[in-house]
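The structure that follows is given in the form of structure tokens.
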Amino acid sequence: MVQPSGAVLVAAENGPELPSIRDFLPDPILFQGTPFAINRIIFVRLLAMVIILLVLGITASRAKLIPSRWQGAVEWVLDFVRDSVVYQVMGELRGRRYVPMITTIFLTVLVFNLCGVIPGMNIAATATITMPLVFALWTLAQYLVTGIREQGLWPYLKQELFPAGVPWPLYIILTPIQFLELLVIKPVSLTIRLFANMVAGHLLVAVSLAFAQYYIIVVSNKWLALAGVSWFGLGFALTAFEMFVAALQAYIFAILSTVYINQSFPEED
Amino acid sequence: MEPLAANGGIKLFIPETYDIVWSLIILVILGCFFYKFFLPKFQSIFDERSAKIEGGIKKAKEAQESADQAKKKYEDQLSQARVDASKIRDDARSEASRIISDARTRAEGEAAQITATAQRSIESQQQQAMVSLKGDVGSLAAALAGKILGAKLEDEDTQSKVLDQLIDDMAEKTHEG
């Protein structure tokens with residue numbers, strides 16, 4: 001057996017601390033074994049919740065008729081969600097009722113996603129399947145309730161499961177698909193889109209920074225350090241990209257929720 | 001890196017009970033916060049702001065309207081005043097022409113009267129002059145005639161003396177002249 005040289009030995013023994021799916025399944029650190037167990041991600045999520053409550057709570061309690069810069073920025077976001085997401089999709093008349101829900105989803109998902117690039121947190125609060133799923137189930141409940149309220153149960157199901165203008169034999173395949181789409185595909189696609197984006201983002205950034213750390217600090221070789229610098233640059237760029245993705249996914253989640261709710265209204269002929 | 005499947009990658013997609021619990025708790029807290037406090041607060045700010053703006057616009061409109069009314073009133077008054085002024089001017093002009101024509105008539109009358117008086121006075125003076133002239137001429141003629149006749153009546157000598165004296169007088173006057 002060939003004895004490996006020193007540098008390679010170090011590499012083999014320590015290796016870069018690459019991220020794994022364990023990052024998304026951390027062990028509980030508090031209340032282990034109870035339904036109130038808290039792991040790292042839930043801790044980050046609680047922290048994010050406290051930040052939202054504090055920052056937006058103070059903003060709202062100090063809100064004035066003539067806004068300060070910060071209040072103006074918050075109002076800009078609220079206007080954006082109301083006008084560019086809700087009203088643009090479903091119009092003011094229908095949309096008014098759903099503005100609070102979509103605003104809650106947008107702001108919460110945005111802040112939770114951004115936790116992934118906040119130093120110390122380093123993981124999105126939406127990076128377990130459960131949180132996106134809960135948001136998606138809220139959307140599901142909302143569009144079912146809306147459909148039943150606006151049309152009644154049977155007309156709503158008829159519109160969803162037996163779309164008008166289709167030859168009746170096609171219903172044999174179409175209706176199960178529509179049924180699946182209504183109850184499973186819509187919420188699951190919302191969930192997985194957000195969750196997978198957060199997982200992938202975390203893995204990309206963590207891999208880049210792990211390699212950067214390994215090549216610059218652990219391996220004492222200036223040529224490999226150069227590679228480490230490139231990895232660091234990549235990690236830097238991917239972190240910026242993650243911020244963009246955080247906002248983008250919050251926007252996509254909000255606008256798709258709005259679209260799904262809007263589909264529950266009777267179709268205009 | 002551990003292979004995902006080997007480590008039970010499927011676990012990623014299975015919600016943990018405590019995760020569900022905490023996600024729900026957090027969502028409910030945030031939902032209450034947004035629904036009960038944050039959004040109503042901002043909604044009231046937005047409403048108040050738009051009410052202020054609408055009130056301001058309404059107030060400006062009212063001010064504009066009252067200004068328009070005042071302007072119209074002043075313009076009406078102004079045009080009324082113009083009409084009045086032109087009426088007054090016309091009146092004054094006709095009054096003036098009436099006064100002038102009156103004055104002219106009166107002046108003409110007076111002038112005629114003065115002329116007539118003057119005429120009469122001239123005539124009477126002429127009359128007087130004529131009367132007095134007649135008187136003078138008569139006495140003069142009588143005197144002269146008396147002188148001539150008187151001398152002739154006395155004698156021839158006297159007659160010639162008178163004649164001589166007349167000639168002398170005339171010569172003297174000529175010399176003196």
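The values are calculated or read from the model by the stated rules, or taken from the named source; none is laboratory data. Since the model is a prediction, treat every value here as computed from it, not as a measurement. Methodologically, a virtual Cβ is constructed for each residue, glycine included, from the backbone with ideal geometry; neighbour enumeration extends over all protein chains shown. Side chains included, ligands, DNA and RNA excluded: accessible areas come from the protein's heavy atoms. Shrake-Rupley method; radii C 1.70, N 1.55, O 1.52, S 1.80 Å.
For the protein assembly as shown, rounded, prolate or oblate, judged on the Cα gyration tensor with a ≥ b ≥ c (square roots of eigenvalues), a/c < 1.5 rounded, else prolate if a/b > b/c?
prolate
So if I average 1/r over every pair of distinct C-alpha atoms in the range A:110-269 and take the inverse, what Kirkwood radius in Å does that give?
So the Kirkwood estimate lands at 18.3 Å.
Okay, helix-only estimate at 222 nm for the protein assembly as shown: each DSSP H run of n ≥ 4 adds -39500 (n - 2.57), divide by all residues, round to 500 deg cm²/dmol; what do you get?
One gets -26500 deg cm²/dmol as the mean residue ellipticity at 222 nm.
Order A:K186, B:K52 by their accessible area, 1.4 angstrom probe, all chains in place, largest first.
Ranking A:K186, B:K52 by accessible area, largest first, yields B:K52, A:K186.
For A:L183, what accessible area in Å² do you get when you roll a 1.4 Å probe over the heavy atoms of the protein chains, rounding to the nearest 10?
Surface open to solvent at A:L183 totals about 70 Å².
Roughly how large is the B-A contact in terms of buried accessible area, totalled over both chains, probe 1.4 Å, nearest 100 Å²?
Summing both sides, the interface buries roughly 4000 Å².
If you don't mind, another one. What are the extents of the Cα atoms of the range B:34-117 along their three principal axes, listed from largest to smallest and rounded to whole Å?
118, 11, 7
Within a 10 angstrom radius of each residue's Cβ in B:43-51, how many Cβ atoms of other chains show up on average? Whole number is fine.
3
When all C-alpha to C-alpha distances in the range A:167-208 are sorted into bins of 10 Å, what percent of pairs does each bin hold, rounded to whole numbers?
Over the range A:167-208, the share of Cα pairs per 10 Å bin runs 25, 28, 22, 15, 8, 2 percent.
Okay, moving on. With point charges of +1 on the Cβ of Lys and Arg and -1 on the Cβ of Asp and Glu, referenced to the Cα centre of the range B:14-176, which listed residue (B:I100, B:V131, B:A63) lies farthest in the positive direction of the dipole?
After comparing all options, I get B:A63.
For the range B:37-130, give the magnitude of the charge dipole about the Cα centre (Cβ charges: +1 Lys/Arg, -1 Asp/Glu; no others), in debye to the nearest 20.
The calculated dipole for the range B:37-130 is roughly 480 debye.
Using the Cα centre of the range A:119-262 as origin and beta-carbon charges of +1 (Lys, Arg) and -1 (Asp, Glu), tell me which of A:A196, A:L140, A:F162 is placed farthest towards the positive end of the dipole.
Looking along the dipole axis, the top candidate is A:A196.
Using only the Cα atoms of the range B:14-176, what semi-axes does the equivalent ellipsoid have when each is the square root of 5 times a gyration tensor eigenvalue? Give whole Å, largest first.
Semi-axes, largest first: 139, 18, 7 Å.
Between B:K59, B:K11, B:K134, find the one with the highest GNM mean-square fluctuation for chain B; connect C-alpha pairs within less than 10 Å.
B:K11
Another question, if that's okay. Carbon and sulfur atoms: what percent of the 1.4 Å accessible area of chain A do they account for?
So the carbon and sulfur contribution to the accessible surface is 71 percent.
Then there is this: Leaving out ligands, DNA and RNA, and with a 1.4 Å probe, what % of the accessible surface on chain B is carbon or sulfur?
Whole-percent figure for carbon plus sulfur exposure: 61.
Of the listed pairs A:K64/B:K59; A:K64/B:K58; A:K186/B:K11; A:K158/B:K36; B:K147/B:K173; B:K36/B:K61, which have alpha-carbon separations greater than 29 Å here?
Pairs exceeding 29 Å: A:K158/B:K36; B:K36/B:K61.
Which value, to two decimals, describes the C-alpha radius of gyration of the range A:44-113 once divided by 2.2 N^0.38 Å?
Ratio of Rg to 2.2 N^0.38 Å for the range A:44-113: 1.19.
Treating the beta-carbon of each Lys and Arg as +1 and of each Asp and Glu as -1, no other charges, what is the dipole magnitude of the range A:171-269 about its Cα centre, to the nearest 20 debye?
620 debye
Under unit Cβ charges (Lys, Arg +1; Asp, Glu -1), what dipole magnitude, rounded to 20 debye, does the range B:14-176 have relative to its Cα centre?
Magnitude of the dipole: close to 1940 debye.
How large is ³J(HN,Hα) for each residue in the range A:207-219, as worked out from phi by the Karplus curve 6.51 cos²θ - 1.76 cosθ + 1.60 (θ = phi - 60°), to whole Hz, x for Gly and Pro?
4, 4, 6, 5, 5, 4, 4, 5, 6, 7, 9, 6, 8
To continue, here is another question. Have a look at A:L110, A:Q88, A:L182 and report the one farthest towards the positive end of the charge dipole of chain A, computed about the Cα centre with Cβ charges (Lys/Arg +1, Asp/Glu -1).
A:L110
Continuing with this model, one more query. Using the heavy atoms of the protein chains and a 1.4 angstrom probe, tell me the accessible area per residue for chain A in square angstrom.
52 Å²
Express the accessible area of the range B:14-176 per residue in Å², computed with a 1.4 Å probe while the remaining protein chains stay in the model.
Using a 1.4 Å probe on heavy atoms only, each residue of the range B:14-176 averages 80 Å².
By the scheme Lys and Arg +1, Asp and Glu -1, what is the net charge of all other residues having a beta-carbon under 11 Å from that of A:E160?
0
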